[in-house]
Each structure stands twice: as structure tokens, then as C-alpha cells.
1. Out of Leu30, Leu9, I need the residue that is closer than 13 Å to Pro97 by Cβ, crowded, with 18+ Cβ neighbours inside 10 Å and in the same structural domain as Lys66 (by TED's automatic domain parsing). Which one?
2. May I ask you to list the residues in the range 160-175 that are over 16 Å from Ser226 (Cα atoms) and of a type in the set (A, V, I, L, M, F, W, C)?
3. Take the range 184-211 and flag every residue that is part of a helix (DSSP H, G or I), more than 16 Å from Leu222 (Cβ to Cβ) and charged (D, E, K, R).
4. Quick check, is Ala195 at pLDDT 90 or above and under 19 Å from Glu19 (Cβ atoms)?
5. Is at least one residue of the range 146-162 in contact with a Pro (Cβ under 9 Å, 6 or more places away or on another chain), outside the structural domain of Asn42 (by TED's automatic domain parsing) and of a type outside the set (A, V, I, L, M, F, W, C)?
6. Any idea which residue in the range 80-103 is modelled with the lowest pLDDT, counting only those that are within 15 Å of Asn10 (Cβ to Cβ) and of a type in the set (Phe, Trp, Tyr)?
7. Let me confirm something: among Lys189, Lys179, which residue is surrounded by fewer than 16 Cβ atoms within 10 Å (Cβ to Cβ) and modelled with pLDDT of 85 or more?
8. For the subset of the range 47-76 comprising residues that are under 21 Å from Ile99 (Cβ atoms) and modelled with pLDDT under 90, which member is surrounded by the most Cβ atoms within 10 Å (Cβ to Cβ)?
Amino acid sequence: MFKIEYSPLNFYNSMFSQECLCVGVLFHNLTNGRRDFKTITNFKRFKSFNDEIDPEFIKLYLSGIKEEIEDSLYNEREFSISDYIQVYVNELRFSQPRILAFDEKEDYVDILTKMYLKFDFKKSKRLSQNEEIENLKKILKGSDLNFLNPNVVGPYDDGVKFDYLTDNFAIKLFSFKDKDLRKLVPTMKQWAFTAEEFKDKYNILFLYDESIKNEPESKTILSILSKNAKVLPYAEGFDYITQSN
């Protein structure tokens, strides 16, 4: 088994903003010392996220990080992700490092890059919906969160099952790919009502696959879910959990 430490690099619209775009992922294989830094290549998406920053500057900046991280001479030195990322504190910020175990046959760089930089890949090269969810579960299980029984009892003695329950968070995963969103509106209203029932007991977090963003009904669905809960795409949601824990 490989023991992997990694940290996503996010670009924020300002040093005070919570809105961000993942632009890179730093990997350190703690078992064999290998280091990798994968970066965004779809700079049209970056431009649409922030049209005030020159994409060429970001390209050069990321290229500098990649060269430093992957340079063979630099790799001979003792390395700590936690120490390395401390200098990135303004618009470019690395997330809290996390550690996962991967089978040696698994391409952990490819898997996690496709999780965090999903839209850099052609649709045919992206993880399937099931793969994405399974990897999200693996990331959650590999964290230091204390997981509880996800079955809880509501105020009317009714049973409610979240996908994950921790000391702080009640988490529900939503997959919208290839589904008729109009037919899901009543179900989303039920979950919004459930979030209201439990909002004083847990931080309610609804995570969803980003395929919904291109659908005309997405604004309605996300508005309903956001009434009493935090609603985020899968990868952003995990960053939010680990940063808040």
C-alpha cells in the first residue's frame, strides 16, 4: 500500500472571499518520496471565474510551483507539505493536507486529479458517476473525522438516514446525472424540510455532482437545498469539511 499526502491549491477571488476555483493538486507519496503537482489546463474556465487576473501569470506561477516540486535535486531534500504550503496565504491557498492509503496498482495522481480538476478532462476521460462517489467516500473515510450511525430520529419520531454523520456534520450526497430534475423537486423540498428540522443539531451539508450546473432547473434545485443547509460540489464539500473540522 502507498501512503499518500496531498493538498489541493485553490484560487480565491480575494483574500477575504470564500468563493474559489481549484487550480492544482500537490501530491507527496510518503512511502517512496515521489512528489507531483498537477495543474489546471482549461484556462478559459479560469478566465470565466475571474476576468481581472491574467491567465498567463497564473500559468507561469503554477509552472514555477511544479518545477520546484518535481525537480530531481529539490526532491532529494527532506520535504513536508505542511511546511511548504505555509507561504501560500492570499488569493492562492493550499487546503489542509490529508493522508490516504492507495493500493500500489492504483494511479492515485490520476484519480485525485480527476476529482479536483474534473473539467480539465474531456467527458470521455472523466471519472464515472459511481467512481466519483466511491472516491469521495474513500476520501471521507480516510479522514480523521469521527463517523457516527447515519440513522437519526426526527422530531416526529420519524427515521432519517444521512449518508454520513459526524460530530459536527450531517452529510447527504446527491447524484443528478442523467436524471429529470423537474421530477426531483418534491424530493429536494423534503430534504430542505429535513435540514430545517436538524439545523440546530448539526451542520447540514448537501454535496452534489457538478453535472447539474448545465441544467436549466439547477438554480431551482440548489436554491431549495440551500435554504437551511450548505450546498457544495463534491470536492469543494470535502475541503469545507476538513477546514471546518
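The values are calculated or read from the model by the stated rules, or taken from the named source; none is laboratory data. Note that the coordinates shown come from a computational prediction; the quantities given were computed from them, not determined experimentally. Reconstructed Cβ throughout: ideal geometry from the backbone, glycine too, with neighbour counts over all protein chains shown.
1. Leu9
2. Once the filter is applied, which keeps residues that are over 16 Å from Ser226 (Cα atoms) and of a type in the set (A, V, I, L, M, F, W, C), the range 160-175 yields Val160, Phe162, Leu165.
3. Matches in the range 184-211: Glu196, Glu197.
4. No, not satisfied.
5. Scanning the range 146-162, I find at least one residue that is in contact with a Pro (Cβ under 9 Å, 6 or more places away or on another chain), outside the structural domain of Asn42 (by TED's automatic domain parsing) and of a type outside the set (A, V, I, L, M, F, W, C), so the answer is yes.
6. Per the stated criteria, the residue is Tyr88.
7. Just one listed residue meets the conditions, Lys189.
8. Ile69
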